[in-house]
1. Can you give me the Kirkwood hydrodynamic radius for the chain, using every pair of distinct Cα atoms, in Å to one decimal?
2. What's the lysine pair count for the chain at a Cα cut-off below 20 Å, pairs eight or more apart or interchain?
3. Only Lys, Arg, Asp and Glu count, each charged at its Cβ (+1, +1, -1, -1), so figure out the dipole size of the chain about its Cα centre, rounded to 20 debye.
4. Positive end of the dipole of the chain, charges at C-beta (+1 Lys, Arg; -1 Asp, Glu), about the Cα centre: which of L53, A29, A8 has its Cα farthest in that direction?
Amino acid sequence: MEKEIIAAIILIVIGVLFFFNNKNMGKGASKFYKKLYTKRNLTIMFKVAGIILILGGLILIFVK
């Protein structure tokens, strides 16, 4: 049970970082993936990734 809680907390922290830091991540990553992705698409992708990680962490906390 303790391992799941630790994993859930880590997922939530990473998810929050992705969700709230999406503009900075989008700017840095867009330079590298300039031909494939746009800044707008990357910020949306990081928000979605953040939400998925937050939900995964919450599911891990409440399932067991």
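Just so you know, all these numbers are worked out from the coordinates, no wet-lab data involved. In this text the structure is predicted, and so the values were computed from the model without any measurement. Please note: Cβ atoms are built from the backbone with ideal geometry, for glycine as well, and neighbour counts cover all protein chains shown.
1. The Cα-based Kirkwood calculation yields 12.3 Å.
2. 13
3. Details: 10 positive and 2 negative charges, 123 e Å.
With Lys and Arg at +1 and Asp and Glu at -1, about 600 debye.
4. The residue sitting most towards the positive pole is A29.
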